[in-house]
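Take a look at the structure set out below.
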Amino acid sequence: MRKLMIAPSVGCCDLFHVEEQVKLINEKSDYLHMDIKDGVYVPSYGIGPDYLDYLNKHVENLKPMDAHLMVKHPQQYLETFAKAGAAYITPHTNCIEGDAFVTIHKIKELGCKAGVALSPSVPLSTIEYYLPLLDKVTIMIVDPGIAGQPVDPQMFVKINQLAKIRKERGLNFLIEADGSMNSSLYRPLYEAGADLVILGPPALWNKDTDFNKAWDIMESELERELDGAERKI
């Protein structure tokens, strides 16, 4: 069993080898991560609901897809991503401040699991009152939508605080870490309390031009870094 679950960001797949890479990812990963970016909330663009819908219709035994909505008005797209096959829908907290409870209940009414994502500067107190409603909390360890950022060690503290809250309150949501992932982060994130990490190019695709070899390298690094690791709570 994996000590730390993985969710590759499938929008990073090579456009000329999407089928091959998605099938391998789906076979070996725990979740499929979908970065939905509108160029407004974040200064970059990502995949859309058509991508999810296509995978849902063409890939057998599809792993749960998480629609990470880095968009200014996520409320407008909940039904669209639910219909496209998202298992989780994860908007950012500062985009649902005025209607967080309505948004979370709507996600659940659509048959999906509800997540929220917190940017590095957003405190955990923001989600205190609706935390029991959540199935997943994504802690962004860098600012969303901007590649190449260094990770602030305070994010390990933030994850650890969230893990303690989960234990103290007897809650059952997943804790996910997202951003600038690389092998040096696996152990501190796991020890802090993260259950799941998002893999982008530095953690996976950039390991080798042969995607199968890149995957093997990533798995070896994951196993090596987590050897003997223990949770701090």
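Every number in this text was worked out from the coordinates using simple rules, so none of it is lab data. All values reported here derive from a predicted model rather than from experimental measurement. Backbone-built Cβ (ideal geometry, glycine too); neighbour counts: all protein chains shown.
Counting charges near F101 (Lys, Arg +1; Asp, Glu -1) among other residues having Cβ under 14 Å from its Cβ returns a value of -2.
For the pair the range 118-133 and the range 26-79, the centres of their Cα atoms are 22 angstrom apart.
Close amide-amide hydrogen proximity is noted between S44 and G39, each under 5 Å apart and 5 or more residues distant or on a separate chain (H modeled in the peptide plane; Pro and chain starts excluded). Computing FRET efficiency as 1/(1 + (r/R0)^6) for K167 and V18, where r is the C-beta to C-beta distance and R0 is 45 Å, gives about 0.70. Protection proxy ranking of 193-199, 147-153, by the mean of other Cβ atoms within 10 Å over each peptide's residues and highest first, is 193-199, 147-153. Note on the chain: Cα convex hull, mean projected area over all directions, 11.9 nm².
Ranked by the mean number of other Cβ atoms within 10 Å of their residues, highest first, the peptides 64-70, 6-12 fall in the order 64-70, 6-12. Among the helices of the chain (complete DSSP H runs), which have Cα atoms covering no less than 20 Å along the helix axis and a Kyte-Doolittle mean of at least -1.0? Span-like helices here: 154-169, 211-226. Restricting the GluC sites (Glu not before Pro) of the range 1-84 to loop positions (DSSP other than H, G, I, E, B) with no more than 15 neighbouring Cβ atoms within 10 Å leaves E60.
Once the Cβ-Cβ distance of E230 and E27 is raised to the sixth power relative to R0 = 22 Å, the FRET efficiency obtained is 0.15. First select every other residue whose beta carbon is under 14 angstrom from the beta carbon of A214; then total the charges, Lys and Arg +1, Asp and Glu -1. My count for the surroundings of A214 gives -4. For the range 98-233, the residue among A203, S220, Y130 whose Cα projects farthest onto the positive side of the dipole built from Cβ charges is Y130. Which one, N26, N61, N160, has the greatest fluctuation when you compute a Gaussian network model over the chain with C-alpha springs under 10 angstrom? Ranking N26, N61, N160 by mean-square fluctuation puts N61 first. Global dimensions of the range 163-233 from alpha-carbon coordinates: Rg and Dmax equal 13.8, 45 Å.
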